[in-house]
Amino acid sequence: MVRVLLIPGLVVLILGFGACHADSVTSSIVCDGAAWVSSSVLGQGQSYASHLFTTDLASLMRSLVIHDGVVVSTRGQSAGPMGIDEYSGQVVNGSDEDSECLFGEDNGVKARVDEVRLSGLFSRGEYVSSRVLDDETIARYVVNGSGILLTRAYSDDGNRSVAFGSDVAGAMNGSEQVVFGDEYGI
């Protein structure tokens, strides 16, 4: 419930509780030792799981918001070893109004399956990631460090399949973005 109260020269916006709710978890850790952060979301057609560990002087920040979709923001920085494992996947149903076969038993509903995985082990470095599971599947990351990083992405809508992978080892500074389901390719 959103209400706007108009007073001459002043606009007051009143948000009613229960108008929209979302589950969220936010954490921030700074340590000089060892830290392990793990989280997962299993929803209707959506899943997200991640593990992040560090040793030595490190800082970890994670924000996880679940509403109509899942939005995750992760940042890890470590002066020593850091391990990363992130997975996001979803099945998105869509309808095909322009069915090409008149006599088939296809009800016009097709499902798109998306998966994005990232694993890394660093001797030191920084990792920043964001994931969105909604109508689209979006995964972005930026990494600056030394170690090994493996990424895999896959999407299949029954008509087209896309597979992507990258492996990087050594000193690295890079970024990647994966977007599946962007209708207009923007």
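The values are calculated or read from the model by the stated rules, or taken from the named source; none is laboratory data. Not measured: the values here are computed from a predicted model. Cβ coordinates were reconstructed from backbone atoms using ideal geometry, including for glycine residues, and neighbour counts include every protein chain displayed. Quick note on the areas: whole protein, heavy atoms, side chains included, nothing else; ligands and nucleic acids left out. Shrake-Rupley method; radii C 1.70, N 1.55, O 1.52, S 1.80 Å.
Applying both filters, DSSP loop and at most 11 other Cβ atoms within 10 Å, to the GluC sites (Glu not before Pro) of the range 131-186 gives GLU183.
Length gained on full extension, SER146 to ASP32, computed as 0.36 nm times the residue gap minus the Cα-Cα distance: 39.1 nm. Only protein heavy atoms count here; on that basis, with a 1.4 Å probe, LEU42 has an accessible area of about 150 Å².
Computed from phi, the 3J(HN,Hα) profile of the range 52-62 under the Karplus parametrisation 6.51, -1.76, 1.60 (θ = phi - 60°) reads 9, 10, 9, 9, 6, 6, 8, 9, 10, 9, 9 Hz, with x in place of Gly and Pro. For the range 114-186, the carbon plus sulfur part of the accessible surface works out to 48%, probe radius 1.4 Å. Annotation for the range 22-57 versus the range 131-186: alpha-carbon center distance of 20 Å. The phi-based Karplus calculation (6.51 cos²θ - 1.76 cosθ + 1.60; θ = phi - 60°) puts the 3J(HN,Hα) values of the range 169-177 at 9, x, 6, 9, 8, x, 8, 9, 9 Hz, whole numbers, x for Gly and Pro. Evaluating 6.51 cos²θ - 1.76 cosθ + 1.60 at θ = phi - 60° for every residue in the range 70-78, the Karplus couplings come out as 10, 10, 10, 10, 10, 9, x, 9, 9 Hz, glycine and proline recorded as x.
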